[in-house]
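Report on the following structure.
Just so it is clear, none of the values below were taken in a lab; they were calculated from the coordinates. It should be emphasised that the depicted structure is a prediction, and the values quoted were computed from it without experimental measurement. As a convention, Cβ positions derive from the backbone with ideal geometry for all residues, glycine included, and neighbour counts pool all protein chains shown.
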Amino acid sequence: MITKERQTRILEMVRNQSFVSVKELMDQLHASRSSIVRDLIELEQQGLLVRERGGASANRVYQEIATEKKAHIHVKEKQCICAQAAKTIKENQCIYIDSGTTTSYMVEHIADKDILLVTSSTYLIHQLPLTFQGQVFLLGGQYDRRLDTALGSTTLEMVSHFHFDHAFLSANGIDLKTQEIYTANTELATFKKAILKQSTQCDLLADASKFEVKTHCTWAYIDDFDTIFVDNGPKYKPFTICQKGNNYENK
């Protein structure tokens, strides 16, 4: 098993359990103690888990991670979420797709749609298939290399000229108790609020690892969204649970 695959499995186990021991990881992943320890050190440095005596637990305080590193985390969950969300897109709509690795999987499902796609994400643009039939508008502004997106006053000004039929946004954290939606970047928070304001329908895409993760920037609340597409989570509106072969829409 290659390192990236093993680390993805480690994160899945940590997410599904409150604590995972080194021994359990060794047994489940058929890896040596030294390999598991190296993986845990690297994942902790990325802010994805917390090492504890004899094992590791989930990190519920968000730390910003470069897009290229997040791209290999919770891939199957993100794919299921985006496959379901993409079904709600209609022909000839003006669509905004947010920056982030979760939303980037939308492009696999919109290649044959005649739409105007607007985004600030250079990462998403690079994922677009050559067969994409629609038009693309890339918002400009100051480039944030770590997040692979444009930000700042110029980007906000460009957003004000659009009215989106449908927007698909991402988040760094969701607090079910306070209903708050978080991001770790103040400029992103301002930008996401602007997208909400300019959109007729707005959905949130987030895998279950985002639940109870908190940052210092609240930019929306659960009730601000028509639908929140997740791979696992609450069984009430506006959440829709997306799993392979089983999409459960809460009533």
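Structural remarks
- Exposure proxy order (Cβ contacts within 10 Å, fewest to most) of K197, K177: K177, K197
- Longest exposed-site-free window of the chain, the sites being GluC sites (Glu not before Pro) in a DSSP loop that have at most 13 other C-beta atoms within 10 Å: 92-211
- Phi-derived couplings, Karplus 6.51 cos²θ - 1.76 cosθ + 1.60 at θ = phi - 60°, listed residue by residue for region 23-32: 4, 5, 5, 4, 5, 6, 9, 6, 10, 6 Hz, with x used for Gly and Pro.
- Seen against the Cα atoms of the chain and their longest principal axis, helix 33-45 is set at about 40 degrees.
- Hz values of 3J(HN,Hα) by residue in region 97-108 - Karplus curve (6.51, -1.76, 1.60), Gly and Pro given as x: 10, 6, 6, x, 7, 5, 5, 4, 6, 4, 5, 5
- Each residue of region 194-205 was assigned a 3J(HN,Hα) from its phi angle through the Karplus expression (A = 6.51, B = -1.76, C = 1.60, θ = phi - 60°), giving 5, 5, 4, 5, 9, 10, 6, 10, 9, 10, 10, 10 Hz with x at Gly and Pro.
- Contact order relative to length of region 3-59, as percent, for alpha carbon pairs under 8 angstrom and 6 or more apart: 40 percent
- Distant-in-sequence amide contacts of S199, defined by a placed amide H-H separation under 5 Å and a gap of 5 or more residues or a different chain, comprise F164.
- Across the chain, Cα pairs under 8 Å and at least six residues apart give a relative contact order of 15 percent.
- Rounded to 10°, Cα long-axis angle of helix 3-16 versus longest principal axis of the chain: 90 degrees
- Since only I36, A208, F191 are under comparison, the one whose Cα sits farthest along the positive direction of the charge dipole of the chain, derived from C-beta charges on Lys, Arg, Asp and Glu, is I36.
- Centroid-to-centroid separation of region 85-143 and region 165-202 [C-alpha atoms, Å]: 17 Å
- When the C-alpha to C-alpha distance is required to be over 22 Å, the pairs from K76/K210; K4/K76; K90/K235; K70/K197; K113/K192 that qualify are K90/K235; K70/K197; K113/K192.
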